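Remarks on the structure that follows.
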Amino acid sequence: MQGILRAHQATLEGSDINYTVQMCLYAATGNLETIKVLSDNQVDVGLGDYDGRTPLHLAACNGETSVLEFLLKQKTVVINAVDRFGGTPYEDAIRHKRKGAAAILEEAGGCRSGDPRLKQIVQQSNLDREIHNRLVREPKISHLVKNSQESSALRITSGKLSKEISEQRSKIDPVVQRMVWAIKGFDSRLKANGGAIPLDDKIFIKAAEHCLKLVGEVRETVISCRAALDAEMGSGKKILRTTSLPHLQSALNLLCKFTQYI
């Protein structure tokens, strides 16, 4: 059952420090089975309590060799973790005359507080631990973000806006294209007439009126599309402007040319 829950990103409730204090207690009393259960459920066995004392410190003090052997195999455990009093697990084992525990820790690379190598060892251990913790945190954070209400709302809103923008473009493009063709035809007539406007030419006047009508259609279509996006999302004006502006710019460039003659 625990495996199924873990596979679905289930986690234990409560703060890390509470589980760390419990883990230290289990380490001090040799309760290896409970330590394994907590470890399997993503409780970090390498964290320290309020005094910086880790489960490794407590197991060393009480000579719990089976717990020590298990903890030393865990990636987050720092063999030479230094507590608030400057002590290491190896030093604790010696001070409490736990020869078996001291031998295990010495073989694993344990140092005493006065060892000149300790500072560099601790720095490297802390760096390795931080890299490991980052790798552990990233998938958890990604899962939380992906399944958050904000992300769901963003996906729904993005889907609706994408659909609305697509519909908007399908409405604007044909109208703009018709206007472009009409203005190009009108421009050709003007050039053929030497740039003069033949006010007595009914066909020419009708072509001009048609262009103006299409300009009005483009304007009404863009306004309608803006309203549709505004209704879909109150803050959609910025997106609408970004989407509609290229169409409007193309139309306005041609309109500027057209208005030179009228």
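Values in this text are rule-based calculations from the coordinates and carry no lab data. Since this is a predicted model, take the numbers as computed values, not measurements. Backbone-built Cβ (ideal geometry, glycine too); neighbour counts: all protein chains shown.
Remarks
- Sequence-separation-based contact order of region 2-146, relative, with Cα cut under 8 Å and 6+ spacing, percent: 19
- The simple spin-label model puts a point 7 Å past each Cα toward its Cβ; for Trp181 and Lys119 those points are separated by 8.2 nm.
- Working from label points 7 Å from Cα in the Cα-to-Cβ sense, the Ser162 to Leu199 distance is 5.5 nm.
- Alpha-carbon Debye profile of region 50-163, log10 I(q)/I(0) at 0.10, 0.14, 0.20, 0.23 Å⁻¹: -0.43, -0.62, -1.01, -1.21
- Pair Arg219, Asp128: separation of 7 Å Cα→Cβ label points (nm): 7.4
- Percent RCO, i.e. relative contact order, over region 25-68, from Cα pairs under 8 Å lying at least 6 residues apart: 50
- Under-5 Å amide H pairs with Asp115, H placed in peptide plane, nonlocal only: none
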